[in-house]
Amino acid sequence: MSIHTYVQENMSHYLQLLEEAVNMDSPSRDKQLGDRMAGWFALQFQRLTGGVAELIPNKTYGDQVRCTLGNGEKQILIIGHYDTVWLEGEAARRPFAIRDEKAYGPGVYDMKAGVLQAMFAMRALVKLDRLPADKKIVLLLNSDEEIGSPTSRRLVEEEAARSVASFVLEPPTEPSGALKTWRKGSAHFTLSVSGISSHAGVDHQKGVSAIEELARQVQFLHALTDYEKGTTVNVGVIKGGIGSNVVADSAEAEVDVRFISMEEALRIEKVMSELTPVLAGTNISVKGGIRRPPMERTEETGKLFSLAQSISINELGMALEESGTGGVSDGNFAAACGVPTLDGLGVKGGYAHSPDEWIELGEISTRATLLARLIEEV
């Protein structure tokens, strides 16, 4: 029996588990609900594959889950997360549903369906006696990816450093289902400006507006955007002042930066650290820095994609494209450790982080087969 056929024949079991997963709220910042979701996924992994699932304690967010299958010398890392952007009560408001060969519900696309898809791929390898003896598969599920992976980054990097390849279960690039061979990195800065307050009507000339200074800095920062280099700078939040009749003595802006290379990231970081005031009487301070390094496309990652493309064309009868994105994932951390990384191996669908998110059920067995065959061939 082929892996594709095995997964297809077990779709009713898959859908049963998917419904259970989607109907369990797992917001990033709720430790109690996160721990419940972590325990559920750990149990399902053990039941489905016969492997070992370890809960790694986390004081702040839900516990991390480290699932291991096989004991070979070549480790393959599969990266996923069980947290969602949806708060407690969302699953009760719009529970799991199937309509027109699509499944709906909070977190179904990003990424509970993808996590289960990977587990069923691994289950197929076990049940069909095709798990390579030289492989050790580590499925790492973190609890805080949607808020930047503050407590799970270290775990991803540690496992990546021990691995020959890493596969990320984020959704592919739609509508083609393309895998992601590169991602931009990201940085976040908070720019604070202080000025001199005064009465805007009586003593306007005695004040120095922090808001005016901030406005000048915003113009400078936005001018740093360079589409040819793949660099974007966006001031997305600004605040300042206490009233229209007061010359503001303080103002603040939050800045998002995206970049394709680490060289460019360091250049922008240097520019931010060297910002100087335009208006006499104002001061500037900058906090923050690089949050996620870029997932740069390397020659080894290119070879990994070529393998996936060959499997897809020759065995699954479908073309497979590669792509990149300005969005970030835990794949950024893995790739920065030097391990060849393919992202976008999750389910096909649409509208991530939206009440309308959905997945395409007819593609589950195909995407699971692609991952299983990659595990066999790497």
**OP:** Assess whether A335 counts as being at pLDDT 95 or above, of a type in the set (A, V, I, L, M, F, W, C) and open to solvent by less than 10 Å² (accessible area, probe 1.4 Å).
**Re:** no
**OP:** Select from segment 221-231 the residues that are surrounded by fewer than 17 Cβ atoms within 10 Å (Cβ to Cβ) and in a strand (DSSP E or B) and list them in ascending order.
**Re:** D226
Subject >> strands (runs of 3 or more DSSP E) wholly inside segment 16-122 that include at least 3 residues being within 21 Å of the chain's Cα centre (by Cα) and under 19 Å from S152 (Cβ atoms) >> reply: 64-69, 74-81
Original post:
under 30 Å from G317 (Cα atoms) and open to solvent by 10 Å² or more (accessible area, probe 1.4 Å): does that describe T173?
Top reply: yes
Original post:
If you check I290, I284, which single one turns out to be under 25 Å from the mean Cα position of the chain (by Cα) and open to solvent by less than 60 Å² (accessible area, probe 1.4 Å)?
Top reply: I290
**OP:** Report yes if some residue within segment 343-364 is farther than 26 Å from A160 by Cα and in contact with a Ser or Thr (Cβ under 8 Å, 6 or more places away or on another chain); otherwise report no.
**Re:** no
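Just to be sure I understand, how many residues within segment 108-133 are open to solvent by 10 Å² or more (accessible area, probe 1.4 Å) and of a type in the set (V, I, T)?
The number of residues fulfilling the criteria is 1.
The values are calculated or read from the model by the stated rules, or taken from the named source; none is laboratory data. The shown structure was predicted, so the numbers you read here are calculated from the model rather than taken from an experiment. Here the Cβ is made from the backbone with ideal geometry for all residues, glycine too, and neighbour counts use every protein chain on show. The accessibility values were calculated without ligands, DNA or RNA, using every heavy atom of the protein model including side chains. Shrake-Rupley method; radii C 1.70, N 1.55, O 1.52, S 1.80 Å.
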